[in-house]
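A.B. asks: I'd like to ask some things about the structure below.
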Amino acid sequence: MSRYTAAEIEAKWQAAWDEAGLFTARRDESRPKYYVLEMFPYPSGRIHMGHVRNYTMGDVIARHKLATGHNVLHPMGWDAFGMPAENAAMASGGHPKEWTYNNIADMRAQMKPLGLSIDWSREFATCDPEYYGQQQALFIDMLDKGLVYRKNAVVNWDPVDMTVLANEQVIDGKGWRSGADVERRELTQWFFRISEYSDELLAALDGLDDWPAKVKLMQANWIGRSRGLEMAFGLTEPTHGHDRIEVYTTRPDTLLGASFIGISPDHPLARALESERADVAAFCAEARRGGTTEEALETGEKLGFDTGLTVRHPFDQGRDLPVWIANFVLMDYGTGAIFGCPAHDGRDLDFARKYDLPVISTFAPANDDGQALAEDGGPAFVPPKTEPVIYIRGFAGDTEQTGEQAIDAAIDFCEANGVGRGVTRFRLRDWGLSRQRYWGTPIPIVHCEDCGAVPEKKENLPVRLPDDVSFDVPGNPLDRHPTWRDAPCPRCGKAARRETDTMDTFVDSSWYFARFTSPRAETPTDLAEAEYWMNVDQYIGGIEHAILHLLYSRFFARAMQVTGHLPEKAIEPFNALFTQGMVTHEIYQTRDANGRPVYHLPESVEDGALKATGETVEIIPSAKMSKSKKNVVDPDAILAQYGADTARWFVLSDSPPERDVEWTAAGAEAAHKHLARVWRIADEIAEATGGDAAADEDLMRQLHRAIRDVTLGLESFGFNAAIAKLYAFTSVLSKSKASAETRREAARVLAQLMSPMTPHLAEEIWTRLGGEGFVADTPWPVAEERFLVEDSVTLPIQINGKRRSEISVPKAMEKAEIEALVLADEAVAKALDGGSPKKLIVVPGRIVNVVV
Ligand code: ANZ
Ligand code: ZN
């Protein structure tokens, strides 16, 4: 009897699949297509267990679909631009390009042994000029259609990394990477007009039935639709050409509690004052520091400057409101000005208390909870808009209403009195894509003194990154390059300068799924290929991408339709989305002489003690594998020890795929033992003779049950349930006394059922047991109804007291359904001869009596 040696068989079958081109995807109208995609990895250099789990899940689906007659597209690539490559270059003097491509080579080499059914012929990295050149073409087409534009914008500026940060990259007012205090700066930047699609991106969420509700909710909140009022407060004394201040509010129901006007330091009126008053200028400079994130505005220190100007309240005659410049009011949202109602807004209350402004409640809790009103020292009262409250200063009199009702009433009242108009707004802002970085897609624009910002000619694409750059000083090396910036103006030919900003790397990942349908096309996509392969039928990835990546991709799918690079049906590019759980591991910790924690790799610990010294370790409950806590196991080591099939089997067993799975050495060991057992059983069965044919029926029943349950598991992300069923069936098979031929048949089907999870072992067993060709593309077994009817009973049918027939029905079948079946029975139909029975009595589980 041979031994199960994973290393040997895995290499062998991978080579055989390769040679047969089994996973190369080609357009074929005769088969239904299936496009399965896992979010492509960032080439950090090493794959981790999270990757193994993620790609194994996608692979299980891809393999199952292949066996069920689908033409499968299952590609892989690299999200290869980004800061870490530049950081590595800064730290160790290498080149981002070299670092990235080396990492890709390393990761590909670690990934290939997993035996994933990937069409490697479609592989690309987003840093390949062939890819980013097409991205530049796409950018130019989007520019042409007005989907990209340039404007001055206040941005979050990281003074250490010398780059613009997205709001999400500002954490507690500091740069996510450098930790430096973020400043505000005004720069000319390129923007995607994603906000134009707010309404549609929100509405279309409804149709995404196979997306997790949680992801849809997160997107809806991010898009942030709200109904509000745009109105103006007249200045008591017009100044600098301004006679009114326009504000935007989502709480017009608090208008009668307004106590001040806040304008942004970048508001035209503030600018006008700034230009002639040194004190205003000094304040505005101070106020522009600090991040622009919601969180920064919420929690940061509130700074205000009283301009001395006042406005009239439209309804509260005689109550003039002071106009303050406030650092928490942004210029690029709404109108850049607000009215403050401290009683019902935390920021406004902070501000009012700091600068001693009035606090006036417009509503109070419907049920007295003992909480003081804001004017009596309580917190700002901000209940959900759906909660009923008592209005003290409302527009519909002193009544109990929900915020929503009161807001509508306020808008109606204001409109009826000629004060402002109701508007619907979205929180989603246009997507600033300019980055002052080297390792990204160059924005294909040339700045000409005469013609302005001119797109590069398509025939000159790609605008390639220069290789000869250095990272010894912070900032963007493209700015410092001696010649790279020089380019003739594409329009007039005059000497001009290239844009040195590169694109946000989120751009790269916003359309890669479309590029996979024709990765070598001379245009961003080949429409015929996109028409055939789109949409992604199943997308799998981490919940951390629930908002930005998925929202940007949904925007790109729309934009690419406008530019003619995607067909209409791809408007929502991902039919189904699955967000997988993480791989976790216990943390092993000792303490150093100063009591500080020291972490240890799992491989250096045995039976709760360090292998090297015997020192006992403290065991901290399982958490996401992370290098900093050293609770990681290296896929390479696991593959060397047990082989890919064991790793694949283990990451799918134990927990449902949406939950975390805990990696334990014992679990991996047990998984491996099981696979070795399957091997042994198959080996025995291959040689078996004789057996008892009387046991065949029972084995077939169990087999078809397994087919049914495993198939169901694979089709519904119940991989762990499928695996549990396979464990159980293996046991049955090992004990079965059925005839040798039936056992061989059952073992072949077992190989088929296991093949999505443990493809190498499955091929080996399949072949050993006389299966033809690859198990991978052998048609998936079908559970036959006749073997599944164990849950059924046979009911004799008596006609006029004599047994004439019988029917087999599921035990749980309703009486009415049984009656229908009885009437359709041949013998009964004959006896009735077109009439209806005088009596039809069904005794469930026992007998049927028909009287004709
Ligand atoms: C008066 C008011 C009273 C407000 C109250 C809130 C509570 P959402 O709902 O997220 O769209 N706002 C408007 N423009 C702003 C800007 N440029 N910078 C900072 N804040 C601004 O936010 C809308 C609310 O945020 C508006 O409603 C406005 O304050 C503020 F009890 O108006 B509100
Ligand atoms: Zn020109």
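Nothing in this text is a laboratory measurement; each read-out follows from the coordinates by a stated rule. Just so you know, these numbers come straight off a predicted model, no measurement behind them. Neighbour counts run over all protein chains shown; Cβ positions are idealised from the backbone, glycine included.
A.B. asks: Kirkwood Rh over alpha-carbon pairs of the stretch 430-578, then Stokes-Einstein at 25 °C and 0.890 mPa s: what D in µm² s⁻¹, rounded to an integer?
C.D. replies: The calculation lands on 142 µm²/s.
A.B. asks: Assuming R0 = 60 Å, can you tell me the calculated FRET efficiency for the pair residue 472 and residue 412, based on Cβ-Cβ distance, to the nearest 0.05?
C.D. replies: 0.40
A.B. asks: If you don't mind, there's one more thing I want to ask. Report the full-extension gain for the segment residue 242 to residue 607: residue separation times 0.36 nm, less the Cα-Cα distance, to one decimal in nm.
C.D. replies: 123.7 nm
A.B. asks: Still on this structure, I have one more. Provide, for q = 0.20, 0.29 Å⁻¹, the log10 of I(q)/I(0) from a solvent-free Debye sum over equal Cα point scatterers in the stretch 790-841.
C.D. replies: With no solvent term, the Cα-only Debye profile gives -0.69, -1.29.
A.B. asks: Separate question: I'd like the Karplus ³J(HN,Hα) series for the stretch 493-508: coefficients 6.51, -1.76, 1.60, θ = phi - 60°, whole numbers in Hz, and an x wherever there's a Gly or Pro.
C.D. replies: Values per residue, Gly and Pro as x: x, 5, 4, 9, 10, 6, 4, 9, 6, 10, 8, 3, 5, 5, 5, 4 Hz.
A.B. asks: While we're on this one: Only Cα pairs under 8 Å and at least 6 apart count here; give the relative contact order of the chain as a rounded whole percent.
C.D. replies: Here the relative contact order equals 13 percent.
A.B. asks: Another question, then. Give me the Å³ per residue figure for the convex hull around the C-alpha atoms of the stretch 612-712.
C.D. replies: 176 Å³
A.B. asks: In square nanometres and to one decimal, what's the mean projected area of the convex hull around the Cα atoms of the stretch 215-319?
C.D. replies: So the mean shadow area of the Cα hull is 8.4 nm².
A.B. asks: Hey, another quick one. For the stretch 1-149, what size does the Cα cloud have along each of its three principal axes, sorted from largest down, in whole Å?
C.D. replies: Projected onto the principal axes, the Cα atoms of the stretch 1-149 cover 66, 45, 25 Å.
A.B. asks: Let me ask something additional. How high is the FRET efficiency from residue 285 to residue 232, r the C-beta distance, R0 25 Å, rounded to 0.05?
C.D. replies: It comes out at approximately 0.35.
A.B. asks: May I ask you to sort 585, 240 by Cβ crowding, counting other Cβ atoms within 10 Å and putting the fewest first?
C.D. replies: Starting with the residue having the fewest Cβ neighbours, the order is 240, 585.
A.B. asks: Obtain the nm distance between the two label points defined at residue 98 and residue 200 by a simple spin-label model: each point lies 7 Å from its Cα along the Cα-to-C-beta direction.
C.D. replies: Here the answer is 4.6 nm between the modelled labels.
A.B. asks: Order 436-443, 472-479, 813-820, 309-316 from most to least packed using the mean count of other Cβ atoms within 10 Å.
C.D. replies: 436-443, 309-316, 472-479, 813-820
A.B. asks: Then there's this: Just the C-alpha atoms of the stretch 379-451: what Rg/Rh do they give, with Rh taken as the Kirkwood radius?
C.D. replies: Expressed as Rg/Rh, it is 1.36.
A.B. asks: Starting from the Kirkwood Rh over alpha-carbon pairs, what translational D in µm² s⁻¹ does the chain have by Stokes-Einstein at 4 °C and 1.567 mPa s?
C.D. replies: The Stokes-Einstein estimate is 40 µm²/s.
A.B. asks: Still on this structure, please answer the following. Kindly state, to the nearest 0.05, the FRET efficiency for residue 7 paired with residue 108, given R0 = 25 Å and r defined as their beta-carbon distance.
C.D. replies: Result of the calculation: an efficiency of 0.85.
A.B. asks: So if each residue of separation counts as 0.36 nm, and I subtract the Cα-Cα distance between residue 188 and residue 91, what length gain in nm does that give?
C.D. replies: Contour length minus Cα-Cα distance gives 31.9 nm.
A.B. asks: Could I ask something else about it? Please report, largest first and rounded to whole Å, the three semi-axes of the ellipsoid equivalent to the stretch 303-459, where each semi-axis is the square root of five times an eigenvalue of the C-alpha gyration tensor.
C.D. replies: Result for the stretch 303-459: semi-axes of 42, 20, 18 Å.
A.B. asks: Summing +1 for each Lys or Arg and -1 for each Asp or Glu, what net charge is found among the other residues whose Cβ lies under 11 Å from the Cβ of residue 255?
C.D. replies: Cβ neighbours under 11 Å give a net charge of 0.
A.B. asks: Around residue 124, with a cut-off of 11 angstrom between Cβ atoms, what is the net charge of the other residues, counting Lys and Arg +1 and Asp and Glu -1?
C.D. replies: -2
A.B. asks: Which peptide among 452-465, 759-772 comes first, and what is the full order, when sorted by highest mean count of other Cβ atoms within 10 Å?
C.D. replies: Averaged packing, sorted descending, gives the order 759-772, 452-465.
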